[in-house]
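This report refers to the structure that appears directly beneath it.
Please treat every number below as a calculation from the coordinates, not as lab data. These numbers were taken from a predicted model, which means no experiment stands behind them. Cβ coordinates were reconstructed from backbone atoms using ideal geometry, including for glycine residues, and neighbour counts include every protein chain displayed.
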Amino acid sequence: LDPRLVSARASRIGPQLTLLIIRDVTERERLEQMRTDFVANTSHELKTPVASVSLLAEAIESASDDPEQVRVFAARIAAEAGRLGQLTGRILSLSRLQAAESLAQIEPVSIDEVVASSVEAHLVQADSGGVTLARGGDRGAWVRGDAQVLIEAVGNLIANAIVYSPKGSSVGIGVKIDGDVVEIAVADQGIGIAEADAERIFERFYRADEARSRRTGGTGLGLSIVKHATQRHGGEVRLWSRPGQGSTFTIRLPRIEAPSVGKKGAKKKA
Ligand code: ADP
């Protein structure tokens, strides 16, 4: 906080100054703490795959006369590199969402297109997980914001729904127009989330079941991105879940009227 700002406010506020400073300092310390934690957690998360890559590279060197072993190690390096790529991509998304004052793009966004793009981006994952994606509900809803950010948020919910669902189950992606609000719900019939975890899973790097989530290749950042992306759009995320029966995540966003044809952003983007 700029000290000049404090004194400027002080002259106006007078006796409430002490309270004001305490609150500002606490807020600043909280943000500073958040940043420090983020850097520490991120470095910790990056360390593991980086260490694996160096170990595997060393293993390749000493196994160079055994082509089969070399192939196995090389495949594992590729997998670790893929994981690093996903992790750094998500760290970037999250820090962009947290750092910026506002979204990079603000224009009318078609929810039909957001849902279609995020479903399409996960068809291969659904197929290999033996899960069916089913889209239903209202059409024609629009919001104001950044389509790419919303596609990533809905995509993260779909990706989780697939990961935490049994083979043969289905994931529903439903849209509901509710007055001034549009809801995008992603519902699965998977493992569900215990009440004690429900609040915490939106925190960065929090995983309900560390061992299982690590096996499934999670980063622990997906839901944090969903939360920040939604809040940046003036919306909120809701979660309903029952362990063993499934989970439904709902993104609720302020709705706008459909833009008239020809207006900026109303057309489908390439
Ligand atoms: P991850 O990359 O580990 O999935 P997320 O931030 O997306 O990280 O999710 C945090 C945790 O919330 C997950 O590790 C998992 O324990 C839990 N979770 C998220 N989505 C679901 C879901 N659809 N069903 C059950 N558990 C879920």
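Note on Asp65, Asp146: ascending count of other Cβ atoms within 10 Å places them as Asp65, Asp146, the fewest first.
Could you please rank Leu46, Leu133, placing first whichever residue has the fewest other Cβ atoms within 10 Å of its Cβ? Write out the running numbers ahead of the final one.
Working: Leu46 14, Leu133 20.
Final ranking by Cβ density, sparse to dense: Leu46, Leu133.
Given R₀ = 45 Å, FRET efficiency for Ser43-Arg139 by Cβ-Cβ distance, to 0.05? All intermediate terms of the calculation are to be shown ahead of the outcome.
Numbers: r = 45 Å, r/R0 = 0.99.
Efficiency computed from Cβ-Cβ geometry: 0.50.
Using a Gaussian network model of the chain in which every pair of alpha carbons under 10 angstrom is joined by a spring, one finds that among Val171, Val39, Val186 the greatest mean-square fluctuation is at Val39. For the chain, the number of Lys pairs separated by eight or more positions or lying on different chains, with C-alpha atoms closer than 30 Å, is 14. Across the chain, Cα pairs under 8 Å and at least six residues apart give a relative contact order of 17 percent. Legend: ranking of residues His44, His228 from fewest to most surrounding C-beta atoms inside 10 Å; resulting order His44, His228. Subtracting the Cα-Cα distance of Arg35 and Val181 from their residue separation scaled by 0.36 nm leaves 49.3 nm.
Of the trypsin sites (Lys or Arg not before Pro) found in the range 113-220, those that fall in a DSSP loop while having at most 12 other beta-carbon atoms within 10 Å are Arg139, Lys167. Pick out, in residue order, every one of the GluC sites (Glu not before Pro) in the range 99-141 that is DSSP loop and has at most 12 other C-beta atoms within 10 Å; say none if there are none. Sparse-neighbourhood loop GluC sites (Glu not before Pro): Glu101.
As an exercise, identify the GluC sites (Glu not before Pro) in the range 39-72 lying in DSSP coil whose Cβ has no more than 12 other Cβ atoms within 10 Å.
Working: sites: Glu45, Glu58, Glu61, Glu68; in loops: none.
Within the range 39-72, no GluC sites (Glu not before Pro) qualify (loop, at most 12 other Cβ atoms within 10 Å).
For Glu236 and Ala198, FRET efficiency with R0 = 22 Å and r from the beta-carbon atoms, rounded to 0.05?
Working: r = 14 Å, r/R0 = 0.65.
E between Ala198 and Glu236, to the nearest 0.05, is 0.95.
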